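A.B. asks: There's a structure below that I have some questions on.
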Amino acid sequence: MKNRLKVLRAERDWSQQDLAERLEVSRQSVNAIETGKYDPSLPLAFRIADLFGMRIEEIFLRD
Amino acid sequence: MAEKAEKIETGLAGRHPALWALAFAAAMCAIAYGEYRGLLGGWRSLPFVAVAALLLIPMTKAASNRQAAAGALSPATRRYNQRMLIWSVGYVLCLGTAMTARNYLDPQGALLWAIAILPSVPMVFFVWTLARYVIEEEDEYLRHRQTSAALIGLALVLLAGTLWGFLETFGVAPHIPAWWVVPIWAIGLGLGQAIMASAERRATRP
């Protein structure tokens with residue numbers, strides 16, 4: 001699944017490590033989600049959406 | 001949550017864990033060759049086996065360093081590495097002790113049963129360690145990664161076991177003891193990790 005995580009992160013000038021710390025996940029997880037290698041569970045997707053103050057579908061896009 | 005990324009160490013612990021695994025395998029092969037040539041055997045092999053088992057310590061440290069550098073060393077992963085190290089060394093020592101006891105004590109009855117079961121005891125804790133990891137890991141991607149690697153290991157065991165079993169049945173291959181399933185599974189686990197690391201590198205490339 002495509003997502004806008006990298007762009008949103010860049011807009012806030014956050015590194016992958018910064019985002020990982022805010023989400024309380026590993027940097028490898030952030031990298032896997034950003035590159036589309038792994039689709040997060042709904043609870044994690046909601047955490048990501050809450051962190052950016054957006055809806056899930058504004059961050060994760062249908063293929 | 002994973003610990004902060006660390007720079008890969010450049011000392012001995014900075015070596016690739018596969019190099020330490022190869023060093024351990026080479027040491028065990030050398031011991032087996034020494035026994036085959038009659039230079040070692042029984043209690044004389046035990047100190048060499050113990051020293052070879054020590055190679056598993058830098059291997060685990062090197063693996064932890066690489067995981068930390070990749071931002072993938074969660075507290076659950078750290079505990080998993082430590083537990084796996086303890087039971088790996090325990091397995092090597094239990095196996096060496098059981099082989100020596102069988103050769104020198106000429107055990108019978110219940111003692112023979114106990115000696116035969118001894119090397120399997122650390123295996124129970126191997127399985128327990130993997131189960132604990134899946135329960136304790138809070139990072140869903142790391143948990144997904146490890147369970148996928150374990151499934152690749154299982155696939156290798158099933159394929160290799162079935163293939164070799166039929167080769168044996170049709171009389172074209174020699175018998176291999178069933179305890180080889182764990183080393184084959186461990187190789188598959190490492191292979192699975194390598195496959196996923198490679199897929200991650202491909203996904204990261206622009």
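A.B. asks: Can you count the Lys pairs in the protein assembly as shown with C-alpha separation below 19 Å, eight or more apart or on different chains?
C.D. replies: 4
A.B. asks: Could you give me the radius of gyration and the Dmax of chain B, taking only the C-alpha atoms into account and expressing both in angstrom?
C.D. replies: For chain B, the Cα radius of gyration and maximum Cα-Cα distance read 19.0, 65 Å.
A.B. asks: Would you mind checking which residues have amide H under 5 Å from A:Asn3's amide H? H placed 1.01 Å from N; only 5 or more apart, or other chain.
C.D. replies: A:Leu61
A.B. asks: May I pose another question? Rounded, prolate or oblate, given the Cα gyration tensor of segment B:1-120, with a/c below 1.5 counting as rounded?
C.D. replies: Working: a/c = 4.74, a/b = 1.93, b/c = 2.46.
The shape class here is oblate.
A.B. asks: Using unit Cβ charges (K, R positive; D, E negative) and no other charged atoms, how large, in debye to the nearest 20, is the dipole of chain B about its Cα centre? Intermediate results must be reported in sequence, preceding the final value.
C.D. replies: Working: 17 positive and 12 negative charges, 92 e Å.
Dipole magnitude for chain B comes out near 440 debye.
A.B. asks: Let me ask something additional. Tell me, what is the FRET efficiency for B:Leu54 and B:Trp179 to the nearest 0.05, using R0 = 22 angstrom and their Cβ-Cβ distance as r?
C.D. replies: Working: r = 22 Å, r/R0 = 1.02.
Computed FRET efficiency for B:Leu54 and B:Trp179 comes out at 0.45.
A.B. asks: Now a separate question. Quick one: what are the phi-derived ³J(HN,Hα) couplings along segment B:172-188, Karplus 6.51/-1.76/1.60 with θ = phi - 60°, whole Hz, x for glycine and proline?
C.D. replies: Rounded to whole hertz, the list is 10, 9, x, 6, 10, x, 5, 5, 5, 4, 5, x, 5, 5, 5, 4, x.
A.B. asks: Next question. In debye, nearest 20: dipole of segment B:68-156 around its Cα centre with unit charges on the Cβ of K, R (+) and D, E (-)? Don't skip to the end; give the middle numbers.
C.D. replies: Working: 7 positive and 6 negative charges, 24 e Å.
Computed charge dipole of segment B:68-156: roughly 120 debye.
A.B. asks: Over segment B:72-123, what per residue volume does the convex hull of the Cα atoms give, in whole Å³? All intermediate terms of the calculation are to be shown ahead of the outcome.
C.D. replies: Working: hull volume 2.8 nm³, N = 52.
Cα convex hull per residue, to the nearest whole number: 55 Å³.
A.B. asks: Could you pull out every residue, at least 5 positions away or on a different chain, whose amide H is within less than 5 Å of the one on B:Gly71? Hs are placed 1.01 Å off N in the peptide plane, and Pro or chain starts have none.
C.D. replies: Those qualifying (amide H under 5 Å, at least 5 residues apart or on another chain) are B:Glu6.
A.B. asks: Something else now. Report ³J(HN,Hα) in whole Hz for each residue of segment B:90-95, in order, from the Karplus equation J = 6.51 cos²θ - 1.76 cosθ + 1.60 where θ = phi - 60°; Gly and Pro get x.
C.D. replies: Those phi angles translate into x, 5, 4, 5, 5, 5 Hz.
A.B. asks: Per 10 Å bin, what is the whole-percent P(r) computed from every C-alpha pair distance within segment A:5-63?
C.D. replies: Per 10 Å bin, starting at zero, the Cα-Cα P(r) for segment A:5-63 comes out as 23, 66, 11 percent.
A.B. asks: Beyond 13 Å, what percent of the Cα pairs of segment B:139-206 remain? Don't skip to the end; give the middle numbers.
C.D. replies: Details: 1542 of 2278 pairs.
Summing the P(r) of segment B:139-206 above 13 Å gives 68 percent of all pairs.
A.B. asks: Kindly identify residues of segment B:54-75 having a loss of at least 30 Å² in accessible area between the isolated chain and the assembly of all protein chains, probe radius 1.4 Å.
C.D. replies: Buried by the other chains: B:Ala70, B:Gly71.
A.B. asks: Taking the Cα centre of the protein assembly as shown as origin and charging only Cβ (+1 Lys, Arg; -1 Asp, Glu), how large is the dipole, in debye to the nearest 20?
C.D. replies: Working: 28 positive and 23 negative charges, 96 e Å.
In debye, rounded to 20, the protein assembly as shown gives about 460.
A.B. asks: How much accessible surface does A:Lys6 have with a 1.4 Å probe, in Å² rounded to 10?
C.D. replies: Counting only protein heavy atoms, the figure is 130 Å².
A.B. asks: A further question follows. Length gain on complete extension for the stretch B:Arg37 to B:Leu19, per 0.36 nm per residue less the alpha carbon to alpha carbon distance? Please list the in-between numbers first.
C.D. replies: On the way: separation 18, 0.36 × 18 = 6.48 nm, distance 2.65 nm.
Extending this stretch completely gives an extra 3.8 nm.
The values are calculated or read from the model by the stated rules, or taken from the named source; none is laboratory data. It should be emphasised that the depicted structure is a prediction, and the values quoted were computed from it without experimental measurement. Note that each Cβ is placed from the backbone with ideal geometry, even for glycine, and that neighbours are counted across all protein chains shown. Ligands, DNA and RNA are stripped out before the accessible areas are found, and what is left, the full protein with its side chains, is counted by its heavy atoms. Shrake-Rupley method; radii C 1.70, N 1.55, O 1.52, S 1.80 Å.
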